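Notes to accompany the following structure.
The values are calculated or read from the model by the stated rules, or taken from the named source; none is laboratory data. Just so you know, these numbers come straight off a predicted model, no measurement behind them. Cβ placement follows ideal geometry from the backbone for every residue including glycine, while neighbour counts extend to all protein chains displayed. When the accessible area is computed, the model is the full protein with side chains, heavy atoms only, and any ligands, DNA or RNA have been set aside. Shrake-Rupley method; radii C 1.70, N 1.55, O 1.52, S 1.80 Å.
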Amino acid sequence: MNHKFLPHTNEEIRQMLDRIGFKDLDKLYSKIPEEIRFKGEYDIPNAMSELEIRAFFDKLGKKNDMLTCFAGGGVYDHYSPSAIANIVSRSEFLTSYTPYQAEISQGTLHYIFEFQSMMAELTGMDIANASMYEGTTATAEAMMIAFNNSKKADTILYSEALNENIIAVLKTYAFFHGVKLKAIETAEGATTLDEVKKELGEGGIAGVIVQQPNRYGIIEDFTGFADACHEKKAMFIINSVAADLALLKTPGEWGADIAVGDIQSLGLPMSFGGPYAGYMCSTQKLMRKLPGRIVGQTRDNRGQRVFVLTLQAREQHIRRQKATSNICSNQSLMALYATIYMGLMGKEGIKEAAQLSYDAAHYLCEKLVSTGKAKLVYNRVFFNEFLIEMENRDDFFEKAIKKGFLPGIKVDDNKLLIAVTEKRTKDEVDSFIELF
């Protein structure tokens, strides 16, 4: 039977079979055991009109519960200016892909250059690459840089206060690359310099990975961490929520070698899980170690400002054994989204959003604790996310869901990790408090 939408005609199939020495398709697939062959009818729905398709997906979308979000854990409900969606929808942006013919892709190279410039400034680092998949794999790639850069050390230390999903990805990368991973124990929910020095003192450490703010929302103090790492020839790597760096001390100021994280907080909608993008910034010394691309600025033969691919450490461009990574799809559209966000918001706008998030989180925490029904687990300075302990946590969680709130993330048996962003109004926060 000749199928209308299959690319090969019966004659073309016959010619291919003749070329490889088979009489028919049954002979071609004869080595596949009968018991695993599918012999039924495909469960493919009938064709639908455009109106029917729209109605189908509208009905499907309504199954999602649109809740007022007080959950974080690495993904936050931040404000996204409406202009961004219109700008990124322009055809030259929405349909753009890898700039294989780089220098004729001036628009793409331009916004990547701006993204790099903004991320380098935000993190206080010298260099930024042209984005990563997302924050977890960016952290794992940073781990690999530290591991590959060390001649003898084979162990990477990571703080127990890293988000669980980051730790899981680190373990996956480590397993397949022969990296030894070791956790740094925390004290009262935060990483301590004494514990870092103790682990470094055992030797064989290629890098140390910490998080700011950490998985409990705590703002950590990394004073002396970089010196301790560098004294033992280990790299210091900081994973940060990008938007929070508008108010916090930057990885560059802490003396980090590599700064990584997710850019979702820079206006990217949560979108039920993505797409997002990651960032990776470093000192200039590590520029040639970064995966992906670095776009640079120069002048053409007429003296005009132009953009070029300065470095490409991908396996498509250099010898595979010399490639730092096989990162290809760098989530460029999401990087553009974050770039437009930073451009529209400006330095003061990003700071204001971060301050509003901080203030609202502390207001909510204070009110919850004052009810006597909640207790702050770690009495440390936090940013816009905090961990409370409470009785009947699950009952409260279900009650909140029914009232239209996603109240946080469940931790252990009786704890709740709550996040607040600038989008949460005082009425929403007060309504959340009333549920207690």
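Contact map, region 257-273: residues that are open to solvent by less than 20 Å² (accessible area, probe 1.4 Å) paired with residues that are part of a loop (DSSP other than H, G, I, E, B) and aromatic (Phe, Trp, Tyr), Cβ distance under 6 Å, separation 6+ or inter-chain. Pairs shown: Gln264/Tyr276; Ser265/Tyr76; Leu268/Tyr276.
Open to solvent by 80 Å² or more (accessible area, probe 1.4 Å) and not assigned by the TED database to the domain that holds Arg215: is that true of Glu92 in this structure? Quick ask: steps written out before the conclusion?
Values: open to solvent by 80 Å² or more (accessible area, probe 1.4 Å): yes; not assigned by the TED database to the domain that holds Arg215: no.
When the stated conditions are applied, Glu92 does not pass them.
Among the residues of region 387-396, is any part of a loop (DSSP other than H, G, I, E, B) and surrounded by 13 or more Cβ atoms within 10 Å (Cβ to Cβ)? No, because not a single residue in region 387-396 is part of a loop (DSSP other than H, G, I, E, B) and surrounded by 13 or more Cβ atoms within 10 Å (Cβ to Cβ).
Residues checked against (1) part of a helix (DSSP H, G or I); (2) not small (Gly, Ala, Ser):
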site	(1), (2)
Leu109	yes, yes
Glu114	yes, yes
Ala146	yes, no
Ala153	no, no
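Can you find a residue that is more than 21 Å from Trp254 (Cα to Cα), in a strand (DSSP E or B) and not basic (Lys, Arg) anywhere in region 171-178?
Residues of region 171-178 more than 21 Å from Trp254 (Cα to Cα): 171-178.
Adding the requirement that they be in a strand (DSSP E or B) leaves none.
There is no residue in region 171-178 that is more than 21 Å from Trp254 (Cα to Cα), in a strand (DSSP E or B) and not basic (Lys, Arg).
If only one of Ile127, Ile166, Ile87 is open to solvent by 50 Å² or more (accessible area, probe 1.4 Å), of a type in the set (Val, Ile, Thr) and in contact (Cβ under 8 Å) with a residue 40 or more places away in the chain, which one is it? Going through Ile127, Ile166, Ile87 in turn, just one is open to solvent by 50 Å² or more (accessible area, probe 1.4 Å), of a type in the set (Val, Ile, Thr) and in contact (Cβ under 8 Å) with a residue 40 or more places away in the chain: Ile87. Residues of region 137-171 that are modelled with pLDDT under 95 and among the hydroxyl-bearing types (Ser, Thr, Tyr): Thr137, Ser150. Scanning region 130-154 for residues that are hydroxyl-bearing (Ser, Thr, Tyr) and buried (at least 20 other Cβ atoms within 10 Å of the Cβ) yields Ser131, Tyr133, Thr136, Thr137, Thr139.
Within the set Glu352, Glu348, Glu434, the sole residue that is among the charged types (D, E, K, R) and either at pLDDT below 95 or open to solvent by less than 30 Å² (accessible area, probe 1.4 Å) (or both) turns out to be Glu434. Suppose the filter is touching a strand residue (DSSP E or B) at 6+ places or on another chain (Cβ under 7 Å) and not assigned by the TED database to the domain that holds Leu417; does Glu103 pass it? It is true that Glu103 is touching a strand residue (DSSP E or B) at 6+ places or on another chain (Cβ under 7 Å) and not assigned by the TED database to the domain that holds Leu417. Is it the case that region 390-402 has a residue that's touching a strand residue (DSSP E or B) at 6+ places or on another chain (Cβ under 8 Å), of a type in the set (Lys, Arg) and within 25 Å of Glu220 (Cα to Cα)? There is no residue in region 390-402 that is touching a strand residue (DSSP E or B) at 6+ places or on another chain (Cβ under 8 Å), of a type in the set (Lys, Arg) and within 25 Å of Glu220 (Cα to Cα). Against the test of being open to solvent by less than 20 Å² (accessible area, probe 1.4 Å) and at pLDDT below 95, the options Tyr97, Tyr111 yield a single qualifying residue, Tyr111.
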